[in-house]
Every structure is written in structure tokens, then in C-alpha cells.
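Enquirer: The structure follows.
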Amino acid sequence: MDFLLPDGAADALAMPDLGRLLNGATGAFVAFTLIVTRLSGMLVIGPVFGHPNIPVQVRVFLVLAISLVITPTLLGSDQQRTFRLLDRNADGLLTQDELPGSLHPQFARLIENAEKQEGDGLTVDEFHLTLPLPASLFEYAWLALVEFAMGIGLGLGVLTIVSGLQMAGGLIDQQIGTSLGSVFNPEFETDASLSGQMLYQLGLVVFLVLGGHYLIVSALVDTFQTLPVGYAWISPPAVELLSDLVRQSLVLAVQISAPVMGTMAVIGLAMGFLGHTIPQINVLVVGFPIRTLGGLAIMGLATPAIVEALARVLPGGIEQLRLALMGR
């Protein structure tokens, strides 16, 4: 037997006010899940947040808590600030070349509604972005994937900078003779050198002391101003910046390991000269402890300079990532 709704219930469901309420609730739910997805990308791989020692329940709770706080703010925010951030030349007109690729279809629709020609700009009163509600599960999955990739991009960029410390530690251990004593790094799921692990932990401490955890979260939240919910976009400058951060990470590794490597070169020359002048001395037996003690001493003396370099590179890298992801 077919199930029939009472006449009163059917009339209630057909009311326009109820339809608008259901559309609003659906839009809020989609926005909330997309915000959760963008934040999850950063917390999966970002420094400190993505460490395997942090329980998954804690990370999930953190993502949901931040999303619950910022979702009402983003949905009720005025789009005038978004207009000002996208209007790069500050001429009061927003053209298509000033927008990221994800906003081009919406821009074309707004131009058509404003009865303007292609190539014209929009004023602040004509700029009204709406949440793109997916028409199918595939469209929703695509929106979630791009949102997740945007969060991954921010976390990966910062992690790339910090991973230069692991490389520096590997170079140092090869010089001072402690490369055989490696430890397991759970974050990278591989063996790491002793010096690399020490420098990496030092980098995390500097990251927390500088408020890097706040900077990286606020940078991701700022991306919602120029790339609202549902309009995430990985621009070519952001991809180029990620590749440039690999170079910066290599430069940082060389700068940190350079004092130890230079000192080890001098000690090697001294040991070679000593072996030729006094053949009775076993250079291998004497050289290993001297190289180890000398390397550790240089690392201790260079620690303030390493901290200063990290304090300069980390905030600058996060700011570059924020601007690149915002399309600026």
C-alpha cells in the first residue's frame, strides 16, 4: 500500500518559506563540510598539527571546533572586503583578469545579470557571490577535493621549509661520523639522523614560540576572503612557490651545515698533515673523536644563528604561502 502524506503536511512542504529554509540549511551544511575539508588538508600534513603522536580524535575535534567558529562568520560576512582584496588596481571596478579561475563562471553570470558587455567590470554593488551548490555527488566530491588540496598546499609548503633541517642534520652527521646512529622519525616514517632529528625538534620549538601554529591557521582562514567557500583554486603562482620553497629548503640546509662542514674540512687537512709528519699516530683512531667533538662544539656555537635563521624564514614563508594561495 502506498504511503500518503496528509493534506496539511503536503501543503506545508509546498510552502515557499519552508523551501527557502531547506535551501538555506542545505547551503549551510555544504559550506560547513567544505570548510572542514579545507582545514583538514592543512592539519593532515602541517607541522605539529600533522604529527602522528597527536591523536586523530584531537585533530578531528580541532578541525570541527575551528569550522564551527568560522562558518557563521564567513556565511554572514560582507563581500565588500572580498571585493577590495580582489580589486588589485583599486579602481572600483572588478574585471575578469583580476579574478582567480574558479570565479570566472560566477563573474560571467554577474556580468550577464548586470546587462553589461564582456570585458566590462563590476562595481561593489553588483558583486554578489553565492555558494555553488553541487548538483550531483561528483560535483560535490570535486569541490571537496580542491578544498582539501588547498589546505594540503599550505601545510606542505611549511613542512618543506622545516624538512630542510633534516637534510642539514644528514649532512652534518656524515661529516662528524655519527651517520650510523640513526633514529626513526614517525612524522616522515623513515630513519633520520641524530643531528637531523635534533635540528627538526629545534625547528618545531621555534615554530611554536613564534606562534607559527597561529600564523598557519590564520593564513588558511584568510584565504576564505579572496577564495570563498566552494571557490578554492590552486593558482600557478602557488605551484611555483611550492617548487621555490624546495630550493629555499635546500639553501637553508646548506647554510645550517656550512659551519660544521667547513670546520670538518680544516680538521681533515690537519689530520692528513699530522699523518704525514708523524706516521706513528693512527689518524683514524685519533681523527674520529676529534671530528665528533669538533662538530658538536660548532653546532652548539651555531645554535643561536640557526634559531635566528629559522625565525626569519618561517614567518616569511608562511606569508608567501598566504599571499600565493589568496591569488595575490
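All of the numbers you see were taken from the coordinates with simple rules; none came from a lab. Since we're looking at a predicted model, the values are computed, not measured. Note that we place each Cβ from the backbone using ideal geometry, even for glycine, and neighbour counts take in every protein chain shown.
Enquirer: Between Ser218 and Ala305, what is the label-to-label distance in nm when each label sits 7 Å out along the Cα-to-Cβ direction?
Expert: Each label point is offset 7 Å from its Cα along the Cβ direction, giving 3.1 nm.
Enquirer: So, one more: 7 Å from Cα along Cα→Cβ at both Leu202 and Arg312: what's the point-to-point distance in nm?
Expert: With each label point 7 Å from Cα toward Cβ, the separation is 1.6 nm.
Enquirer: Still on this structure, please answer the following. Could you tell me the extents of the range 50-159's C-alpha atoms along the three principal axes, largest first, rounded to whole Å?
Expert: Result for the range 50-159: principal-axis Cα extents of 55, 33, 27 Å.
Enquirer: Could you put Leu274, Leu43 in order, starting from the residue whose Cβ has the fewest other Cβ atoms within 10 Å?
Expert: Fewest-to-most ranking of Leu274, Leu43: Leu274, Leu43.
Enquirer: Tell me the angle of helix 137-176 to the major Cα principal axis of the chain, expressed in degrees between 0 and 90 and rounded to the nearest ten.
Expert: Between the helix axis and the principal axis of the chain, the angle is about 10 degrees.
Enquirer: Could you line up Asp120, Asp87, Asp97, Asp244 from fewest to most neighbouring Cβ atoms inside 10 Å?
Expert: Ranking Asp120, Asp87, Asp97, Asp244 by Cβ neighbours within 10 Å, fewest first, gives Asp97, Asp120, Asp244, Asp87.
Enquirer: Can you sort Phe224, Phe29 so the residue with the fewest Cβ neighbours within 10 Å comes first? Let's see the in-between values first.
Expert: Working: Phe224 19, Phe29 11.
Neighbour counts put them in this order, fewest first: Phe29, Phe224.
Enquirer: Which FRET efficiency value, to the nearest 0.05, do you get for Leu145 and Val285 by plugging their Cβ-Cβ distance into 1/(1 + (r/R0)^6) with R0 = 41 Å?
Expert: That pair, Leu145 with Val285, gives E of 0.10.
Enquirer: Could you give the length gained on full extension between Asn89 and Val56, defined as 0.36 nm per residue of separation minus the Cα-Cα distance, in nm?
Expert: 7.5 nm
Enquirer: To the nearest 0.05, what FRET efficiency results for Val239 and Leu293 with a Förster distance of 45 Å applied to their C-beta separation? Each step should come with its number before you reach the end.
Expert: On the way: r = 45 Å, r/R0 = 1.00.
Efficiency, from the Cβ-Cβ distance: 0.50.
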